[in-house]
1. Taking only C-alpha pairs under 8 Å that are 6+ residues apart, what is the relative contact order of the chain in percent?
2. With 10 angstrom as the radius, rank 169, 12 by how many other C-beta atoms surround their C-beta, starting from the fewest.
3. Return the subset of 60/111; 111/180; 53/180 for which the Cα-Cα distance in this structure is over 30 Å, preserving the input order.
4. Rounded to the nearest 500, what is the 222 nm mean residue ellipticity of the chain from helices alone, with -39500 (n - 2.57) per DSSP H run of 4+ residues and division by all residues?
5. How do 173, 100 rank when sorted from fewest to most other Cβ atoms within 10 Å of their own Cβ?
6. Based on Cα positions only, what radius of gyration and what Dmax would you give for the stretch 114-171, in angstroms?
7. Looking at the square roots a ≥ b ≥ c of the eigenvalues of the Cα gyration tensor of the stretch 5-157, which shape do they give, rounded for a/c under 1.5, prolate if a/b is larger than b/c, or oblate?
8. Counting only DSSP beta bridges with both residues in the stretch 5-157, what percent are antiparallel, rounded to the nearest 5?
Amino acid sequence: MSTDIRIGIVTVSDRASAGIYADEGGPAIEAYLARALTSPWTPVARVIPDDRKLIADTLKVLADEEGCCLIVTTGGTGPAPRDVTPEATEDVIEKPMPGFGELMRQVSLTKVPTAILSRQTAGIRGKALIVNLPGRPRAITECLDAVMPAIPYCIDLIEGPYLETDPAVIVAFRPGQKPKT
Ligand SMILES: Nc1ncnc2c1ncn2[C@@H]1O[C@H](COP(=O)(O)OP(=O)(O)OP(=O)(O)O)[C@@H](O)[C@H]1O
Ligand SMILES: Nc1nc2c(c(=O)[nH]1)N[C@H]1C(S)=C(S)[C@@H](COP(=O)(O)O)O[C@H]1N2
């Protein structure tokens, strides 16, 4: 089992990056993953404004230089003029993974009717899976609960490290393997 698992956590928010409010999104993602993953891992966190080039450059650095196998973003997925996280994600991914956005919107719609306003997406860059989450901190658990069961196998398929989860929190599904419960 690799101990060199690095996970990028990117808060995209003009106000959090300017210190107008404290970032709750990044710490919520880190806390969620700390509960869900039993494999040792290291967070690589960034808090940046809603700037398309800066978001794209940050994702590239986390994937290519920091060696993150998973990068989770929060914020900037809506329709407002400065919401460009999905565009920046599309700028850097080699393979879109549309099922992530589809499932997260579907599940989020059971929580909030404005879930359809999130254009959150996901995709693969090299050996990194990039997943967008909405900015509202409560969206983090709502969305990660839905997609997390498929993330370890996705990372297996892109030749990343083997992620193990705590089955009491998330049961990782790997086809052909009996789920650990
Ligand atoms: N990183 C965050 N930390 C704490 N609260 C947040 C964060 N991001 C968003 N929120 C909360 O969710 C609400 C809705 O998010 P909104 O879409 O306005 O923010 P954003 O576009 O992600 O960030 P910003 O407008 O600062 O660029 C915000 O008013 C704020 O209360
Ligand atoms: N699970 C979940 N999804 C959600 C929400 C939420 O509270 N929970 N908020 C919605 C709202 S109100 C907006 S505007 C969009 C985009 O949010 P963002 O621009 O902060 O990323 O996400 C939507 N998706």
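1. 24
2. 169, 12
3. 60/111; 53/180
4. Value at 222 nm, helices only: -10000 deg cm²/dmol.
5. Ranked by crowding around the Cβ, least crowded first: 173, 100.
6. 12.6, 36
7. Since a/c stays below 1.5, the shape of the stretch 5-157 is classed as rounded.
8. 25
No lab work stands behind these numbers, since they all come straight from the coordinates. Since the structure is predicted, the reported quantities are computational estimates derived from the model, not experimental observations. A quick note on method: Cβ atoms are made from the backbone with ideal geometry, for glycine too, and the neighbour counts reach across all protein chains shown.
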